Structures are given as structure tokens and as C-alpha cells.
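The values are calculated or read from the model by the stated rules, or taken from the named source; none is laboratory data. From a predicted model like this one, the values you see are computed outputs, not experimental measurements. Glycine also receives a Cβ, built like all others from the backbone with ideal geometry; neighbour counts cover every protein chain displayed. Only protein heavy atoms, including side chains, enter the accessible area calculation; ligands, DNA and RNA are left aside. Shrake-Rupley method; radii C 1.70, N 1.55, O 1.52, S 1.80 Å.
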Amino acid sequence: MSKEKRDLSPAELKRKADFELVCNKMEQDGYLRSDLTIGIVRANVLAVVLMLPFVVLTSLLYFSVNSLAIDDGMSNLVISYFLFIVGMILLFVAHEAIHGLIWSIFAENHFKSISFGVIWKYLTPYCSCSSPLRKGQYILGSAMPTLILGFGLVGLAIAIGNLWLFLLAEIMIIGGGGDFLIICKMLMYKSKAKDIVYYDHPYELGLVVFER
């Protein structure tokens, strides 16, 4: 469990209470619990380290095809900065929406199992799934926002030569670092159990594994 302390929102407290009931039920059924979570501050630092090679590689690809120059006048530059900030906010919202959309396809109660919110202490939006998922389903839902909004937009930016779009895509790649950290933890977690259940953690970054 994360050692970072913060006040939980009413929605998080409810999810915590519901999840504790799930944990009690799983433990009564003979499952052992393992937490694959990571603190938000630590994740934000490691995310940059993890995704930096991809940022460097995509930058080399972009600037091998396109130039660095921005030819806008001052008035257009102000508008471009404004649109850039708006675009960044919308893409972060879209990032969480894609998590929810993919996970809802596999969740028992579909979109009713999905919750969204913001950890205001860290200005971190999140998406949480209350239904159990298979390993591949969880990984797919975790990776898809970065694949679409990061690497997908990089490809589009390279094709049309738009530096603003490329910068947004790079931010989305770095922003997906936390998701890829969790994916790495999942892939490195080894278990010989035949029955494994994966639950998204209701208020921390990561998931909980139940196995027997």
C-alpha cells in the first residue's frame, strides 16, 4: 500500500468501503491478496524516467521530417498557447474516458462499474473500475489512452508537420507513464496460482491481485 496520506473524497470513501467488503469476501473464499500499487508522487517521477526514451525517439522521428520553426505572429502565438492549454486539458479528460470505455467493455456491469474523479492534492484525474478484470483486459485498458493520444497523435503530427500537436502528444506519452509503470509491475509479478482475480484499486494508483 502507498505510504502517502491524503483525505479521501466521499466517492472514494464509498468505493473504499465497497472494496473492503470485496476483500473480506475474497479472503473468506481462500484468496491471498497482493497490492500492486505505487505512490502518486513516486509514480510521477518514475513516469518521466520510463517514458523519456519514447519521447526522445519520437522527437528524433518528428524533427527528421519536420522543422522546429513556429511562424505565427504574436497575436496568433497567444491564441495558439491558449488552444494548446485547452487541448491539453481536453486530452487528459479523454485519457481517463478511454480507460473507462475499454474497461467498461469487459466489466460485469459495464459503464456502471466505472468511476471518474480528480485527486486535487496532486491535480491528478483518475478512472477506477469496480469490477474484476482479467490480466489482458486490465493491461489493454491501461495502455490504450497512451497508444491513441500519445503515439497515435505523434504519428499524425509527423504526417501533417504540426509542432503544437506533436508537443501535446509528447505530454500525453509522459502522462501515460503511470499506467505503464503499473503494466510493468503486472508483467513482473509472477504467480503459480491457477485462480487469479485482478481488481483496480479504488483510490490508489494500481491494482490488487487475489489468488489461490
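S130 is checked against (1) without any contact (Cβ under 8 Å) to a residue 12 or more places away in the chain; (2) among the hydroxyl-bearing types (S, T, Y); (3) open to solvent by less than 80 Å² (accessible area, probe 1.4 Å) and fails just one. What number does that condition carry?
Failed condition: (1).
Can you go through G150, G178 and tell me which one is modelled with pLDDT under 95, part of a helix (DSSP H, G or I) and not hydroxyl-bearing (S, T, Y)?
Only one candidate qualifies: G178.
Restricting attention to segment 148-160, does a residue exist that is within 22 Å of I40 (Cβ to Cβ), surrounded by 21 or more Cβ atoms within 10 Å (Cβ to Cβ), in contact with a strand residue (DSSP E or B) (Cβ under 6 Å, 6 or more places away or on another chain) and not small (G, A, S)?
From segment 148-160, those within 22 Å of I40 (Cβ to Cβ) are 149-150; that's our starting set.
Now drop any that are not surrounded by 21 or more Cβ atoms within 10 Å (Cβ to Cβ), which leaves 149-150.
Now restrict to residues that are in contact with a strand residue (DSSP E or B) (Cβ under 6 Å, 6 or more places away or on another chain): none.
No.
Provide a single number: the residues in segment 113-135 that are over 15 Å from the mean Cα position of the chain (by Cα) and closer than 23 Å to I196 by Cα. Please lay out each step first, then the result.
Quick first cut of segment 113-135, residues over 15 Å from the mean Cα position of the chain (by Cα) only: 113, 120-121, 130-135.
Imposing the further condition that a residue be closer than 23 Å to I196 by Cα reduces the set to 113, 130-135.
Going through segment 113-135 one residue at a time, the tally reaches 7.
Only one of these is touching a residue at least 40 places away in the same chain (Cβ under 8 Å), charged (D, E, K, R) and either part of a helix (DSSP H, G or I) or open to solvent by 40 Å² or more (accessible area, probe 1.4 Å) (or both): E170, E108. Name it.
On the way: E108 fails: touching a residue at least 40 places away in the same chain (Cβ under 8 Å).
Just one listed residue meets the conditions, E170.
Among the residues of segment 26-40, how many are surrounded by 12 or more Cβ atoms within 10 Å (Cβ to Cβ) and either in a helix (DSSP H, G or I) or touching a helix residue (DSSP H, G or I) at 6+ places or on another chain (Cβ under 7 Å) (or both)? Give the steps one after another, and end with the answer.
Of the residues in segment 26-40, the ones surrounded by 12 or more Cβ atoms within 10 Å (Cβ to Cβ) are 26-27, 31-40.
Cutting the leftovers down to either in a helix (DSSP H, G or I) or touching a helix residue (DSSP H, G or I) at 6+ places or on another chain (Cβ under 7 Å) (or both) gives us 26-27, 33, 36, 38, 40.
Going through segment 26-40 one residue at a time, the tally reaches 6.
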